[in-house]
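Heads up, the thing below is written out as structure tokens.
The values are calculated or read from the model by the stated rules, or taken from the named source; none is laboratory data. Treat the numbers as computed from the prediction; the structure is a model and nothing was measured. We place every Cβ from the backbone using ideal geometry, glycine too, and count neighbours over all the protein chains shown.
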Amino acid sequence: MRILWILIGLLPAVAAAGGLRDALERAWERDTEARALEAREAELQARDSAAWSLLPAPPAVAVTHRTDQWNNDLGRREWEADIDLPLWLPGQQRARLGQAGAERGEWQAALAERRLALAGELRRLVWAVALADSQARLARQRLVTAQALERDVGRRVQAGDLAHADLLLARNETLTAQSAVLGHAAALAQALERYRAFTGDSAPPPDRDEPAPAATAPDTHPRLEAARTAIAAAQAKARVVRESPRAPPELQLVTGSERDAFGESYRQRIGIRLRLPFATEARNRPLLTEAETALTRAQAAYRQTQVAVEAEIRQARQALQAALEQSRLAEQQRNLAAEHLRLKQKAFDLGELDLSSLMRVRTLLWEAEAAWAQQTMLAGAARGTLNQALGVLP
């Protein structure tokens, strides 16, 4: 028995400082996908800077030297340097800036969507710990009452009021309660370990209950917002493709010096050359088709997400109503079982009821207590599930 209580005492108290919001922040700090999303900010800043650049692509320098020394060697020499400056097409830079803004919006929506996903996992783990803790506490209470009953039966056996078989029955109830305590303690330890791996905390916060869910879904659901920004990003990419029907034109600044023979002075020259690539169907059609396909896919994904979110909200509301009703019924059953046990215990104390009958009534009470505790936890979890479906963070 002493070893049993030592093992139970090794479990941490199921309460931690802070609330669900603080726990979510700690889970966010430990999440590898969140770290990867945050790392994209530097990439987006670079894209934004590139869109604001004076040139759509890096400039280039070309140097050319011509000589006749390898054939007739009359002294002909020529040097030429070109600076190639790519130019924005009309409307292209504006489209690139729009794409950079749309991608930043998509990134921010992805962060919010990931935070909501972590909130859902946090809610699941918190209520799993709460249910395991409730069952473990109930098992310990059952053990305490079983031990008290065993002591009472032992005294009455010694006094000759009960048979030795009744003591064996009471002892069996104590052993059953001890086994249940160990089983529920192990389940609680596993639930706590999963929560610790997720948040780094030893136990969930004590204030796990959430406010009543809103009557309607908020205007900006993180999942819907992520789908909407994906459409905006696809539209922005399509605009860039349409505003870039050809490769960037190039303005070339040319300077050089040359002479025709030995003894002549070098002649200097400066010139400007404009290079304008043509727009062809072979180049543009695949790019435009790819952009339009991505847009169609994003629009279909949004419609699918919208339907899924609406269905999840309806299901979560129905589940919450059912859980609240089941919790109310379970509480009534527990109260009836408690009253029934009180009457049977009185009859047993007066010698009007045998121990086996009393044990059956006690078992019914413990089953009712366990059902009520479970339904109470499920009702709290259902409230969190509805908030999750509505896109509300803790």
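Computed values, structure above
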| quantity | calculated |
| --- | --- |
| Unique match (being surrounded by 15 or more Cβ atoms within 10 Å (Cβ to Cβ), of a type in the set (A, V, I, L, M) and either at pLDDT 95 or above or closer than 30 Å to ALA117 by Cβ (or both)) among VAL309, VAL254 | VAL309 |
| Candidates GLN321, GLN326, filtered to the one that is surrounded by 11 or more Cβ atoms within 10 Å (Cβ to Cβ) and touching a residue at least 24 places away in the same chain (Cβ under 8 Å) | GLN326 |
| THR229, sole failed condition from (1) at pLDDT 95 or above; (2) surrounded by fewer than 20 Cβ atoms within 10 Å (Cβ to Cβ) | (2) |
| Residues located in the range 217-273, provided they are in contact with a helix residue (DSSP H, G or I) (Cβ under 7 Å, 6 or more places away or on another chain) and assigned to a loop (DSSP other than H, G, I, E, B) | ALA217, HIS221, GLU243, SER244, PRO245 |
| Given (1) modelled with pLDDT of 90 or more; (2) out of contact with any helix residue (DSSP H, G or I) (no Cβ under 6 Å at 6 or more places or on another chain); (3) aliphatic (A, V, I, L, M), index of the condition LEU350 fails | (1) |
| The one condition in (1) modelled with pLDDT of 95 or more; (2) within 30 Å of VAL241 (Cα to Cα); (3) surrounded by fewer than 17 Cβ atoms within 10 Å (Cβ to Cβ) that TRP107 fails to fulfil | (3) |
| Residues of the range 72-87 satisfying the condition of being in contact with a Ser or Thr (Cβ under 9 Å, 6 or more places away or on another chain) and of a type in the set (A, V, I, L, M, F, W, C) | TRP79, ALA81, ILE83 |
| Selection status of ALA316, modelled with pLDDT of 90 or more, more than 30 Å from GLY380 (Cβ to Cβ) and under 22 Å from the mean Cα position of the chain (by Cα) | no |
| In the range 131-185, the residues that are of a type in the set (Ser, Thr, Tyr) and closer than 22 Å to PHE348 by Cβ | THR145, THR174, THR176 |
| Any pair with Cβ under 9 angstrom, 6 or more apart, that starts in the range 191-209 at a residue that is touching a residue at least 60 places away in the same chain (Cβ under 8 Å) and assigned to a helix (DSSP H, G or I) and ends at one that is surrounded by 13 or more Cβ atoms within 10 Å (Cβ to Cβ) and hydroxyl-bearing (Ser, Thr, Tyr) | LEU192/SER202; TYR195/SER202 |
| Enumeration of residues in the range 70-111 that are among the charged types (D, E, K, R) and in contact with a Pro (Cβ under 9 Å, 6 or more places away or on another chain) | ASP84, ARG96 |
| Qualifying residue in the range 149-162 (condition: in a helix (DSSP H, G or I) and over 26 Å from THR363 (Cα atoms)) | no |
| Single residue of the range 40-68 satisfying the filter (of a type in the set (A, V, I, L, M), assigned to a loop (DSSP other than H, G, I, E, B) and surrounded by 13 or more Cβ atoms within 10 Å (Cβ to Cβ)) that is nearest to the chain's Cα centre (by Cα) | ALA57 |
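Let's see how each residue does on (1) modelled with pLDDT of 95 or more; (2) closer than 30 Å to ASP22 by Cα:
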site: TRP52; (1), (2): no, no
site: PRO56; (1), (2): no, no
site: THR64; (1), (2): no, no
site: GLN69; (1), (2): no, no
site: ARG76; (1), (2): no, no
site: PRO86; (1), (2): no, no
site: GLY91; (1), (2): no, no
site: LEU118; (1), (2): yes, yes
site: SER134; (1), (2): no, yes
